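Student: Structure below; questions to follow.
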Ligand SMILES: Nc1ncnc2c1ncn2[C@@H]1O[C@H](COP(=O)(O)OP(=O)(O)OP(=O)(O)O)[C@@H](O)[C@H]1O
Ligand SMILES: [Mg+2]
C-alpha cells in the first residue's frame, strides 16, 4: 500500500489536499479508447449527433482545474496519475465518487477530476451527476439540470436526451479547450424517488451503452451513510473513490463509508481541503502547463 499527499490549493479558497491510497500495479493493462468521439450513429446505437450543445458558464472558483496554471492543476494532475495507476492494475473506466456524509467535497472532486482527465491525452470524459437529491454539478458547469439521470432511469427519455456538450466557440478560449472533451449528464429531479431510481438496472445499461465512446466516466453521488443511492450506483461502476474532508470527516465515518461500499471496488480515499503548510507554498507555486 502506498500513499501520496496531493495538496489542492487555490488562491482565495480553503487550501485543500487530495490523497489517494492505492495498491501498486503488478502489471500494465492499457485501456485504449474503443471508438473515437465522432458524431453520428454508431454500431453501439448511441447517436452522438443528437447530443445537445449548451452555453456552459462554469464557476472557475469551484472548478479550479479549468485554469491554465495554479496549484489545483498540479494536485488534480497528481490525483489523475493515481487513477491511471489504478487502471494499470485492472480495467477501470467508470469511477463513482462518494463519501460518508454531506459536504465532504464529492462534487468538487468529481468535477475537477473529470476536467483534469479531459485535459489529458485528448481523453473523452463523461461526467454524470448521480446525486439525484442534491444535484449541484450543473451549477459548477453553469448549465441546465433537467432532463437528467433521474428522468432517464424513470424511462422518460433516452441517453442522448440527457447528455450535454458545451457550445463550440471559435476560437476556443483556454476554458473552452479544457471543456471540449467533456460530456455531462445532469442529475435531473429524482426527489423522493431517488433511492428507487438508483436501484434501476437502467443505470448499468446506460454505462454499458456509453462506455465505448469515452475513456473515463466519473459519477458524482450522494453520501452513503444517510442514503443508499451511491451504494446502488456503485454496483455498476468499475471503481469507487471515497472523499474525506480534512479536519471534518471522522475516522469512523470514513470507515463506515468504506464498509457501506464493501461490495464495490474501492480504489482509495481522497483527502480533500487539507490546510497546507505555508512553507510548501513556494514549491506548489511552481507550475507546469504540460498536460
Ligand atoms: N478543496 C476545496 N476547496 C475549496 N472549496 C471546496 C473544496 N472542497 C469542497 N469545497 C466547497 O465545499 C462545499 C461542499 O463541497 P461539495 O459540494 O463538493 O460537497 P459534497 O460532498 O458534494 O456535498 P453534498 O453531500 O451536499 O453533495 C462547496 O461549496 C464546495 O465548493
Ligand atoms: Mg455533492
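Bear in mind these aren't lab numbers, they're just calculated from the coordinates by the rules spelled out. Keep in mind that what you see is a predicted model, and the values were worked out from it rather than measured. No Cβ is skipped: glycine too gets one built from the backbone with ideal geometry, and neighbour counts run over all protein chains shown.
Student: When a footprinting reagent is the concern and you count Cβ atoms within 10 Å, what order do 241, 271 take, fewest first?
Tutor: On the way: 241 28, 271 25.
Lowest to highest Cβ neighbour count: 271, 241.
Student: For labels at residue 134 and residue 208 in the simple 7 Å Cα→Cβ model, what's the distance in nm?
Tutor: 3.3
Student: May I pose another question? Report the full-extension gain for the segment residue 252 to residue 47: residue separation times 0.36 nm, less the Cα-Cα distance, to one decimal in nm.
Tutor: Here the segment from residue 252 to residue 47 would lengthen by 69.3 nm.
Student: Please give the peptides 157-166, 96-105, 251-260 ranked by average Cβ packing (other Cβ atoms within 10 Å per residue), highest first, as a rough proxy for protection.
Tutor: Working: 157-166: 19.5, 96-105: 23.9, 251-260: 15.7.
Those peptides, ordered most packed to least, come out 96-105, 157-166, 251-260.
Student: Sort 235, 208, 77 by Cβ crowding within 10 Å, fewest neighbours at the top.
Tutor: Starting with the residue having the fewest Cβ neighbours, the order is 208, 235, 77.
Student: Measure of size requested: the Rg and Dmax of the stretch 51-269, with Cα atoms as the atom set and Å as the unit; please supply both.
Tutor: Expressed in Å, the Cα Rg and Dmax of the stretch 51-269 come to 16.0, 50.
Student: Could I ask something else about it? Full extension from residue 192 to residue 173: what is 0.36 nm times the residue separation minus their Cα-Cα distance, to one decimal in nm?
Tutor: 2.8 nm
Student: Exposure proxy check: 138, 177 ranked by fewest other beta carbons within 10 Å?
Tutor: 177, 138
Student: Another question, if that's okay. Quote to one decimal, in nm, the extra length available between residue 88 and residue 146 on full extension: 0.36 nm per residue of separation minus the C-alpha distance between them.
Tutor: Result for the pair: 17.3 nm of gain on full extension.
Student: What is the stretch 122-248 by shape, rounded, prolate or oblate, if you read a ≥ b ≥ c off the alpha carbon gyration tensor as root eigenvalues and call it rounded for a/c under 1.5, prolate for a/b larger than b/c, and oblate otherwise? Working shown, then result.
Tutor: Numbers: a/c = 1.63, a/b = 1.36, b/c = 1.20.
Cα axes put the stretch 122-248 in the prolate bin.
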